[in-house]
Amino acid sequence: MAVSTTFSGPKFESLFLKSSSSSSRLSSTSISNHISLLGKPRTTFIQKGIIRCDALNSSSNDQTTTTISALELLKTSGADRYTKERSSIVVIGLSVHTCPVEMREKLAIPEAEWPRAIAELCSLNHIEEAAVLSTCNRMEIYVVALSQHRGVKEVMEWMSKTSSVPVSDLCEHRFLLYNKDATQHIFQVSAGLESLVLGEGQILSQVKQVVKVGQGVNGFGRNISGLFKHAITVGKRVRAETNIAAGAVSVSSAAVELAYMKLPDASHGNARMLVIGAGKMGKLVIKHLVSKGCTRMVVVNRTEERVAAIREELKDIEIIYKPLSEMLSCTCKADVVFTSTASENPLFMKDDVKDLPPASQEVGGRRLFIDISVPRNVGSCVSDIDSVRVYNVDDLKEVVAANKEDRLRKAREAQVIIVEELKQFEAWRDSLETVPTIKKLRAYAERIRVAELEKCLGKMGDDISKKTRKAVDDLSRGIVNRMLHGPMQHLRCDGSDDRTLTETLENMHALNRMFSLETEISVLEQKVRAKVEQNQNFD
């Protein structure tokens with residue numbers, strides 16, 4: 001779960017530090033300071049991407065105002081071409097640490113809707129690739145943006161449109177990270193460092209699911225796919241090489257712990273337990289109840305198949321299945337109700353609960369609802385009833401507040417691995433930066449080939465045979481390909497060798513200068529123009 005000072009993500013303040021926060025709204029130039037896990041400050045700059053130049057033509061009575069985009073200025077200058085040509089990896093997110101569940105549930109996107117969300121995001125003018133990570137404790141959008149500020153603006157407007165949450169409200173709770181910071185964030189998420197419960201394993205499964213769902217989806221491209229696959233590697237390595245998972249609990253186990261914290265000690269052995277939902281979360285709730293000594297519980301689910309499988313696994317435990325139609329009657333007989341379904345609408349509202357008989361006197365007469373679903377299964381209005389106590393995922397912080405020093409030590413061990421993997425990923429992504437030069441060099445050579453071919457064919461006259469014409473064309477292609485083979489070989493590397501990568505980038509700059517490729521139309525601009533034209537045609 002991302003922790004943020006202002007609107008930035010992968011930090012651990014909620015577990016270890018209390019740091020001051022500033023406004024999350026972007027100004028024309030805003031600076032957001034982050035405190036890293038190891039205490040090193042980081043600064044993210046967000047600047048307006050438009051430079052305006054006003055010119056007065058003295059030979060005319062008219063004053064001409066010329067607006068030059070940063071992209072157009074880039075075409076006229078070879079300075080820092082490599083870094084400015086590059087598209088940006090951006091994460092825009094809201095988590096349990098930055099945003100209340102009331103807002104997160106409006107933004108939640110079911111797994112079945114992730115491909116649709118990716119397609120809609122990639123239809124935006126400045127978004128090239130996208131992925132969605134939506135869990136009970138976080139909602140994060142990862143994109144490759146052709147323009148940072150325009151891309152963020154488009155994604156924020158999309159999030160607002162799909163959730164009906166005003167952009168201004170989103171800005172108050174979001175975190176926003178670019179490139180290296182965004183990469184570090186997803187690595188920390190996968191490693192369990194951003195989780196409400198440090199080191200919990202379920203988040204790694206959820207990151208894997210992003211890749212599984214994204215396979216074959218247009219828009220889940222090379223950069224985003226590579227990012228999430230590398231994050232999975234990081235998550236596995238951290239758990240294998242550190243003891244961060246030792247004693248770690250999940251959201252489900254934290255929910256069970258919270259229930260037992262709120263129940264009177266004398267009732268722990270005989271409190272009546274009801275679990276609604278037998279999916280992954282519900283199954284974990286059942287297992288943790290068993291680990292606490294519970295030997296009998298009622299499980300309400302849409303079908304009996306999953307409950308039967310759990311019953312077969314836990315043969316010594318009395319697990320009673322009931323269909324959803326009997327949910328309220330089962331609730332009447334329960335002291336603690338755990339809800340963990342994927343329902344997009346609440347299962348319990350005030351009118352459903354107000355007339356139910358109170359819980360047993362052994363638990364104080366108050367029924368506990370432990371709701372770990374997002375969107376919530378229990379409406380907030382239920383908490384208005386005196387005989388009921390409602391807890392949701394945001395209330396689990398009370399369970400994980402202990403052992404902060406031990407958590408910090410484990411996180412530092414994991415962070416060493418993350419830093420190593422971050423360098424490897426950045427090197428891989430740097431190796432992709434020669435692709436625009438390769439494309440422009442091929443286009444440059446092809447224009448020359450075609451022009452010279454036309455001259456040659458013109459001199460040969462109109463009566464040459466098709467066979468001769470094809471032979472000359474093949475000859476010209478062969479010569480160009482042989483000439484380009486050497487330069488192309490020196491523009492390719494996998495990023496695994498720092499020395500090779502450095503030489504490759506030097507070769508790229510040299511070729512850009514030798515063939516004046518800096519004056520070619522920007523690859524990013526080509527992509528933006530193509531997307532704008534595509535959207536205009538679609539409209």
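The values are calculated or read from the model by the stated rules, or taken from the named source; none is laboratory data. Predicted model, so just to flag it, every value in this text is computed and none were measured. Cβ atoms come from the backbone with ideal geometry, glycine included; neighbour counts cover every protein chain shown. Just the protein is used for accessible areas: all its heavy atoms, side chains included, with ligands, DNA and RNA removed. Shrake-Rupley method; radii C 1.70, N 1.55, O 1.52, S 1.80 Å.
Working note: Karplus 6.51/-1.76/1.60 with θ = phi - 60° gives region 156-162 the couplings 4, 5, 5, 4, 5, 5, 6 Hz, where Gly and Pro are set to x. Rounded to the nearest 5, the antiparallel percentage of DSSP beta bridges internal to region 257-388 is 0%.
Tell me the per residue accessible area of region 172-237 using a 1.4 Å probe; a whole number in Å² is fine.
29 Å²
A probe of 1.4 angstrom, applied to the heavy atoms of all protein chains, finds THR233 with accessible area near 70 square angstrom.
Shape call for region 332-451 from the C-alpha gyration tensor, a ≥ b ≥ c root eigenvalues: rounded (a/c under 1.5), prolate (a/b greater than b/c) or oblate? Because a/c hits 1.5 or more and a/b fails to exceed b/c, region 332-451 counts as oblate.
Probe radius 1.4 Å, ligands and nucleic acids ignored: give me the carbon and sulfur share of the accessible area of region 300-413 as a rounded percent. For region 300-413, the apolar C and S fraction of the accessible surface comes to 45 percent. Within the accessible area of region 173-270, the carbon and sulfur atoms contribute 48%, probe 1.4 Å, all protein chains present. Comparing Cα centroids, region 342-408 and region 256-292 end up 13 angstrom apart. Of the GluC sites (Glu not before Pro) found in region 325-429, those in coil by DSSP whose Cβ has at most 13 other Cβ atoms within 10 Å are GLU344. The phi torsions of region 298-304, fed into the Karplus equation with coefficients 6.51, -1.76 and 1.60 and a -60° offset, translate into couplings of 9, 10, 9, 8, 4, 10, 8 Hz, rounded to whole numbers, with Gly and Pro shown as x. In this structure, the residue pairs whose Cα-Cα separation is over 30 Å, taken from LYS236/LYS287; LYS153/LYS283; LYS315/LYS410; LYS212/LYS333; LYS153/LYS280, are LYS153/LYS283; LYS315/LYS410; LYS212/LYS333; LYS153/LYS280. Per residue, the accessible area of region 251-378 comes to 47 Å² when a 1.4 Å probe rolls over the protein heavy atoms.
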